[in-house]
Structure formats: C-alpha cells, structure tokens
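Below you'll find the structure, written out as structure tokens, and then a few comments.
Please treat every number below as a calculation from the coordinates, not as lab data. Remember, it's a predicted structure, so these values are computed and weren't measured experimentally. So basically every Cβ, Gly included, is an ideal-geometry build from the backbone, and we count neighbours across all protein chains shown.
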Amino acid sequence: MTQDEMKEKVAEAALTYVQDGSIVGVGTGSTANKFIDALAAMKDRIIGTVASSEATAERLRSHGIAVLELNDALKQVKQLSVYIDGADEFDGDNNLIKGGGGALTREKIIACASASFVCIVDASKQVKHLGAFPLPVEVIPMAESYVTGIANSLGGNTIRREGFITDNGNIILDLHGMVITDAPALEERFNHVPGVVTCGIFSHFSRKGDVVLMGTPTGVEVIEG
Ligand code: 5RP
C-alpha cells in the first residue's frame, strides 16, 4: 500500500467516529483533505463542520459541505462531537507535533472545543520522541527576536518560516533539532512565553490524540491515548 492509500484508509476509518446530526471539526493537510473527500458521502447526515483553515473551508465548500464559524457552532452545541485531523509526529502517549501546514492555532482551538480528537496518520508519523520534525510555534511578529532567543535556549535551532503568514496574520518559527522527552512540560513552557500564540505540541495541556488511527501496509491500527 502506498502512503497515499494509507491516508485514504485512515480517512475512511475516521468516518465511523462521525455522529449523525453532529458538528464535526476538520483539520488541515493532505490527510485531512482525504477525510474531507470521504465526508462528502455523508454530508447530509451532519449539521455541518468547523474548519481549521481557509484552505480546509474552501475544500469543504467545494463538496457542498456546510461550514460554520466556531462561535456559531457553539451556540448550537456545547462541544463539537469530534475533531479529525492529521499530525506531523505522534509519540507513545499520543502527544503530537502539529503545524506543518501552519494551521496549528485554529487546529488547537477546535481540538479543545471537541469532545474527542481522532488523529489520522500514516505509519511514517510514529516516533519514540517528538522533535525530528521541526516544532512549529506561531508567534506575534513583533516578538520574533524575543521568542527566538527563548526557543534557542530550550535547545532549538530556530528558523523563521520564510514567506509564510498564518490565517491569523502571524509568523511561524520552526525549531529544528529538538529531542522532546517531556512533551507536556515543553508545551506548558511555551504557553508562558509572551508573544507565543500557540506551540505545535498537542499534549494533555491542550489536546492530545484521544485516538490515533495509523495507516500501515496491512491496514488501520487503532491506538487509544
Ligand atoms: C497542519 C497540520 C497537519 O495536520 C500536519 O502537517 C500533517 O499534514 P499531512 O496530513 O499533510 O501530513 O498540522 O497544520
């Protein structure tokens, strides 16, 4: 099975977590795109979706799937029933690195506003320790130098993502060369740095994967958090 086929399999498997009459949070990236394409087949059974990026909203609408603002959705329901999204890495506790596509802030907000987070990945995303994938951090532009200094002191080789501005008008710093043995502690540390909007670690301090559906050459593995 190719990597693309593994992504399709986990996207289809994620449909079983979508409840009739619910509002579904939808992530960003190539695996989330496969989920959007699969969701189109059951679009009439859900109220609608909340999108984690402009790109995702556009793809959902292209399939005729209703897209709601999160604020409007939460006037109708207390929580979204499920958030479905990919990840750049996941470890043995279902802690994640996200933000390769730069949508980490909206992704984290919607994941936290959902009753559960079903993470869909292919087997290449499984790691012992997070950090081989550069850790994205969304930063308010005027804080770039300050946050870069902090990030470097925490062991990162910090590089600004050139030519990229987030949907929220901010920049992304990518922290290369980190070996993250305590993902929650690092997420909490970044949560206290002024100028940081969101750190790309998703641990129990925000929302780790409640379930990871991992596509392997032989099928879909279900990994509970
Ligand atoms: C976007 C993300 C994506 O979930 C992550 O980059 C994985 O993307 P893909 O499914 O294309 O590998 O966090 O901000």
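Quick notes on this structure:
- For peptides 115-123, 181-189, sequence by mean Cβ density within 10 Å, most packed first: 115-123, 181-189
- Rounded if a/c under 1.5, otherwise prolate or oblate - region 1-153, Cα gyration tensor axes: oblate
- For region 50-103: rounded, prolate or oblate by the Cα gyration tensor [a/c cutoff 1.5]: oblate
- Potential lengthening of the chain between E188 and E162 amounts to 6.7 nm, from the contour at 0.36 nm per residue minus the alpha-carbon distance.
- The largest-to-smallest principal axis extents of the Cα set in region 72-225 are 43, 40, 28 Å.
- Other residues whose C-beta falls under 15 angstrom from the C-beta of M42 contribute a net charge of -1, scoring Lys and Arg +1 and Asp and Glu -1.
- Here region 128-144 and region 81-115 have alpha carbon centers that stand 14 Å from each other.
- Remark: the Cα gyration tensor places region 87-128 in the oblate category, a/c being 1.5 or greater and a/b not exceeding b/c.
- The modelled label-to-label distance between N71 and K43, using points 7 Å beyond Cα along the C-beta direction, is 2.6 nm.
- The packing ranking of peptides 82-90, 190-198, 203-211, 27-35, highest mean first, is 82-90, 27-35, 203-211, 190-198, where packing means the average number of other beta carbon atoms within 10 angstrom of each residue.
- Helical contribution to [θ] at 222 nm, DSSP H n ≥ 4, -39,500 (n - 2.57), averaged over the chain, rounded to 500: -8500 deg cm²/dmol
- Counting Lys and Arg as +1 and Asp and Glu as -1 over every other residue whose Cβ lies under 13 Å from the Cβ of D20, the net charge comes to +1.
- Set K7/K78; K43/K125; K75/K98; K34/K75; K78/K125; K43/K78 screened for pairs whose C-alpha atoms are more than 26 Å apart: K7/K78; K43/K125; K75/K98; K34/K75; K78/K125
- Residues S124 and T181, FRET efficiency given R0 of 22 Å [Cβ-Cβ distance, rounded to 0.05]: 0.55
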